Amino acid sequence: MSAATRSVQFTVNGQLRSVQVEPRLNLADCLRHSLGCTGTHVGCEHGVCGACTVLVDGRSARACLMLATQAEGCTIETVEGLATSAEELSVLQQSFWDLHGLQCGFCTPGVLMSLTELLRSNAAPSEAQVRDVLSGHLCRCTGYQNIVAAALEAARRMRGETPRQAGMAVSA
Amino acid sequence: MNAPLQPAAQWERKSDNAARIVGTRARRIEDPALLRGAGRYLDDLSLEGVLYAAFLRSPHAHARFSHIDTAAALALPGVVAVYTAKTILPALSRLRMPLGFPTTQFDNACTPWVLCPQEVCFAGEAVALVLAHSRHLAEDALALIEVDWDPLPAIADCRDGLKPGAPKVRSETAENALTRFRVGYGDCDTALASAPHRFSLSLSQHRGAAHPMEGRGAMARWDDTEQRLNMWSSTQMSHELYYMLSDMLGLPESQVRVIAPDVGGGFGSKFLVYPEEIAVAAAARLCRRPVKWVEDRQEHFLAGIQERDQYFELEVATDKEGHVLAIRGTLVHDQGAYTPQGVNCPYNCATSVTGPYLIPAYEMQVIVAQTNKVPVIPVRGAGYPEAAFVSERIMDRIAAELGLDRAEVRRRNLVPAHKMPYEKPLKNRAGVGIVLDSGDYPACQVDVLTAIDYAGFPARQAAALAEGRYIGLGMAHGVKGTGRGPFESGTVRITPSGQITVSTGALAMGQGIKTALAQVCAEQLGVAIDQIQVIAGDTAAVSLGIGGAASRQMVTAGSSVHFAALEVRNKAIKMAAAMLEAAEADLELAEGRVRVTGTDRGVTLSDIAKRLRGVAGYALPEGMDVGLEASINWRTDQMPYANGFHACEVEVDPGTGGVKILRYVALQDSGKLVNPTLVEGQLHGGIVHGIGNALFEFMAFDDQAQPLTTTLADYLLPGAGEMPNIEILFRESPSPYNPLGVKGVGEGGTVPVAPAIASAVENALQPFGVCITAAPITPPALLRQILAAQMTAQPA
């Protein structure tokens, strides 16, 4: 690494991280390759596909359009921080599993982050509001339909209107 | 094991598992890791000391060069090596890629180069490879390489290249047409000469690129200790890559291993061994360091395969009732600059134009025309969507010409249920007759038209028109040959520790094939699917394989896994009978144990596997084979035909040419469904891909074949805001060609979409007399037609 590196400090999923970066390194590459958080994916590197979406101080941001140095002092949340525990998924993740909200899974981390932001501010989003948020993401596999359904189901579960888990048959 | 035509009931399907697993909506075993961000895609893998690769790509669609100056690039700190055609050749058996699917015979001078040596033939063709300590540095170095480009005239439109005196796409070729062939049967000339109705159509289509959200990428490591090349690639065909690496690098297969990690979608773009993959492996061998290449989106636009333009000139003859008597035409197919794997796209298309219909005479003259654009191989649908566009536009045209109802014209021409299985006088690529094996096409049409209230539509349309709104209803059939053979591998293994694995050459790229194969295996072994580990796309796990394409894996890998699991099951029961001193007929297999029915007395699969692994000097029971495992490469050439019928309502804004989908109903018959939830997911995605083809996706080039749409802001993939909720209906007509009765589904959703939407848009714009002859139906194109129609109607 050249002499022109900068030191930057920010919180990732609750942990304070310090890292030396080149000024041109974007946040997505920093998370993935400097900090090993490879759950954040990179699909276009020009801010359209949304796969790299993370939450910066609670607001969704394209990690490919933000320099790592701009994250100084920020609180970053990524997909790795969503699950409640090693055993339990978040309500949103669980709804995606139950309703087949993902296929190849490459766009999924970014989608989950944007929807996490939505559900924090709006406990009862309409389908149109969910689709509006998803318009910042490209998915080639699902046609979005089950993503929308999973987001609405997660909202219902968070409001306690449906059981937390669908309890579908997994086993014989 | 061959695939005879026999009723599904005759296949051995033994399972005493009370709770059937095949056919249930099991949740995917793939998902928990992917949802946690713990998937392992290509760019998530890293190796100690890895170097990052970047390719220098031609800025010209056609140019010659004689010198590449790499000195400045090599001098950049952090750059380790720069390879050109000349310097990478020592690691290769030859510089030119072999022809994929080599059963189609061509002059081998049609394939791409690993690195182009002197004449680039499309913008984006790679001429040099930089290795550096970071991707940034590698890309910096690209800007320091100097090439003495000498631009040549380029062919952008495939029809232009066929004109006399047109510039050559590649100097080495005799002509721009790669090949010409004819597909057909019956006497079109007589039918066309004597038919009561005869008309002609010109149709064209463009399908665009695949655009999985994860682009292409590969990582190679030459391991001096193991004397082995390990290759990780985001591919749909790890075994083909393994064979080709062995061939191109001159290594015996035992010194090559290919692993497909989690693959972030393929849609056809990864069902090809690319020059970049070979170059990365060769570079890793030459520099004795691991090398990783991950393309960016612009590279995917420039150098990932596409499916592009097809132009049809057609003549159609019918009788007075609208029965088709003959279809005759020509098809010009844009193949791009090279032909990596034969002419499967135009061949599939030409043999599928008669689709689900009874067509007494048919002839298509096909010209595969080269252009100075990135090569073409199949994108989701592989020629079938284009064929459906042709047949369905013909049906709508017949209705318009004869003043008949569109649904009725289709009904009169469809292959009726009582004629199934119906053999067409056409052959698939394997040389086997095309047989529509099962299904009730007219009933599918009735189901969907009832669901969408076709009968009530004229009233809805009139009411909308009274409000100044232009709504239309469209419909289309589509058939898709699936389960392309000759085989896919399936190994089921239970180890002494009790681990159950399914290994296959099938490739998982998001479809849920691991879950589906686990369901097929679990059905026989009486275990939960999450107790089965499915290894797909690792050449060390299974010796043979083909991979993921052509809606083939549920049929081919599913059948192999079914027979392998059945064999393991039978073996387990036979061994347990010896261990328990019981009759086989008194035993049952459930919850991972073989037990005497109705008792607690039993042995676990692990216990059985421990015995069957063999112990030196101790005999196994008479007639027992060693190992609780079985490997099956179930053979098939006959393709099960899945079919679908779609209907949709759209609203067109005549002021903007914008099309809004109000309702979309799709029926799919893919035979027996292993997991209806996953099939619905495949249909949603396939249909939305088709909507992209119908309304949005257009890969534009200028007249010198320079790509114009190279970002996702310019090239429009379907977005959540524009997509409808699709209503899915099923019929399940079992295929007689395989033990599971299944047909493929990956591409079926895409096939009828563009013609269904074209039909709806045309119907909505009936007051303007607009005729849809091309896809995608973009707002500017539609607006031009609306304005032209208005001008004609109201002359100045």
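The values are calculated or read from the model by the stated rules, or taken from the named source; none is laboratory data. Just so you know, these numbers come straight off a predicted model, no measurement behind them. Ideal geometry is used to build each Cβ from the backbone, glycine not excepted, and the neighbour counts take in all protein chains shown.
A few comments on the model shown:
- Of residues in segment B:661-705 being more than 14 Å from chain A (Cβ to nearest Cβ) and closer than 18 Å to B:Cys444 by Cα, the one surrounded by the most Cβ atoms within 10 Å (Cβ to Cβ): B:Ser670
- When A:Asp98 is tested against the conditions (1) at the interface with chain B (Cβ under 9 Å from one of its Cβ atoms); (2) under 26 Å from B:Ser134 (Cα atoms); (3) touching a residue at least 24 places away in the same chain (Cβ under 8 Å); (4) of a type in the set (Asp, Glu), the lone failure is (2).
- Residues (part of a strand (DSSP E or B) and either crowded, with 24+ Cβ neighbours inside 10 Å or more than 14 Å from chain A (Cβ to nearest Cβ) (or both)) located in segment B:645-660: B:Phe645, B:His646, B:Ala647, B:Cys648, B:Glu649, B:Val650, B:Glu651, B:Val652, B:Asp653, B:Gly658, B:Val659
- Residue check for B:Glu722: more than 18 Å from the chain's Cα centre (by Cα) and closer than 20 Å to B:Gly558 by Cα: no
- Answer from B:Glu125, B:Glu172, B:Glu146 - the residue that is within 33 Å of the chain's Cα centre (by Cα), in contact (Cβ under 8 Å) with a residue 40 or more places away in the chain and closer than 21 Å to B:Asp69 by Cα: B:Glu125
- Annotation: of all residues in segment B:706-715 being without any contact (Cβ under 8 Å) to a residue 40 or more places away in the chain and within 10 Å of chain A (Cβ to nearest Cβ), the one that is surrounded by the most Cβ atoms within 10 Å (Cβ to Cβ) is B:Asp714.
- Tally of residues being among the small types (Gly, Ala, Ser), on the phi > 0 side of the Ramachandran plot and within 11 Å of chain B (Cβ to nearest Cβ) across segment A:38-59: 2
- B:Arg595 being surrounded by fewer than 20 Cβ atoms within 10 Å (Cβ to Cβ) and either within 20 Å of B:Gly490 (Cα to Cα) or modelled with pLDDT of 95 or more (or both): no
- Residue within segment B:492-509 that is within 12 Å of chain A (Cβ to nearest Cβ), part of a helix (DSSP H, G or I) and at pLDDT 95 or above present: no
- Residue within segment B:458-479 that is assigned by TED's automatic domain parsing to the domain that holds B:Val650, more than 26 Å from A:Gly143 (Cβ to Cβ) and not in a helix (DSSP H, G or I) present: yes
- For segment B:251-268, filtered to residues that are buried (at least 24 other Cβ atoms within 10 Å of the Cβ) and farther than 11 Å from B:Asp538 by Cα, the residue that is farthest from the other protein chains (Cβ to nearest Cβ) is B:Gly268.
- Positions within segment A:6-24 being out of contact with any helix residue (DSSP H, G or I) (no Cβ under 9 Å at 6 or more places or on another chain) and within 14 Å of another protein chain (Cβ to nearest Cβ), in sequence order: none
- Selection of segment B:223-250 for residues being of a type in the set (A, V, I, L, M) and either within 14 Å of chain A (Cβ to nearest Cβ) or in a loop (DSSP other than H, G, I, E, B) (or both) yields only B:Met237.
- For segment B:701-739, the set of residues classified as on the phi < 0 side of the Ramachandran plot and hydrophobic (A, V, I, L, M, F, W, C) consists of B:Phe701, B:Leu708, B:Leu712, B:Ala713, B:Leu716, B:Leu717, B:Ala720, B:Met723, B:Ile726, B:Ile728, B:Leu729, B:Phe730, listed by residue number.
A quick yes/no check of all residues on (1) out of contact with any Asp or Glu (no Cβ under 8 Å at 6 or more places or on another chain); (2) outside any loop (DSSP other than H, G, I, E, B):
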site	(1), (2)
B:Val679	yes, yes
B:Ala705	yes, no
B:Thr710	yes, no
B:Pro724	yes, no
B:Gly748	yes, no
B:Ala758	no, yes
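- Checking B:Ala166, B:Ala193, B:Ala220 one by one, the residue that is assigned to a loop (DSSP other than H, G, I, E, B) and out of contact with any Cys (no Cβ under 6 Å at 6 or more places or on another chain) is B:Ala166 and no other.
- Per-region count, segment B:45-58, residues surrounded by 18 or more Cβ atoms within 10 Å (Cβ to Cβ), more than 15 Å from B:Glu139 (Cβ to Cβ) and within 14 Å of chain A (Cβ to nearest Cβ): 1
- Only a single item in (1) touching a Leu at 6+ places or on another chain (Cβ under 9 Å); (2) over 22 Å from B:Ala38 (Cβ atoms); (3) of a type in the set (A, V, I, L, M, F, W, C) is not met by A:Val12, and it is number (2).
- Scanning segment A:123-159 for residues that are without any contact (Cβ under 8 Å) to a residue 24 or more places away in the chain, in a loop (DSSP other than H, G, I, E, B) and either among the polar types (S, T, N, Q) or closer than 26 Å to A:Asn13 by Cα (or both) yields a count of 2.
- Test: residue in segment B:753-770 that is more than 23 Å from the chain's Cα centre (by Cα) and of a type in the set (Val, Ile, Thr): yes
- Out of B:Pro416, B:Pro360, B:Pro375, sole residue that is over 25 Å from B:Glu747 (Cα atoms) and not basic (Lys, Arg): B:Pro360
- Residues satisfying the stated conditions in segment B:34-90, i.e. basic (Lys, Arg), assigned to a loop (DSSP other than H, G, I, E, B) and in contact with a strand residue (DSSP E or B) (Cβ under 9 Å, 6 or more places away or on another chain): B:Arg40
- Identity of the residue in segment B:510-534, farther than 13 Å from B:Leu678 by Cβ and charged (D, E, K, R), that ends up farthest from the other protein chains (Cβ to nearest Cβ): B:Glu523
Every residue, every condition in (1) touching a Lys or Arg at 6+ places or on another chain (Cβ under 8 Å); (2) within 8 Å of another protein chain (Cβ to nearest Cβ), yes or no:
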| residue | (1), (2) |
| --- | --- |
| A:Gly36 | no, no |
| A:Ala61 | no, no |
| A:Leu67 | yes, no |
| A:Ala71 | no, no |
| A:Thr78 | no, yes |
| A:Ala83 | yes, yes |
| A:Val91 | yes, no |
| A:Gln129 | no, no |
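- Flag for A:Leu115 being under 26 Å from A:Gly36 (Cα atoms), more than 8 Å from every other protein chain (Cβ to nearest Cβ) and free of Cβ contacts under 8 Å to residues at least 40 places away in the same chain: yes
- Restricting A:Ala128, A:Ala86, A:Ala154, A:Ala150 to residues that are hydrophobic (A, V, I, L, M, F, W, C), at pLDDT below 95 and on the phi < 0 side of the Ramachandran plot narrows the list to A:Ala86.
- Meets criteria (β-branched (Val, Ile, Thr) and over 23 Å from the mean Cα position of the chain (by Cα)) for B:Val568: yes
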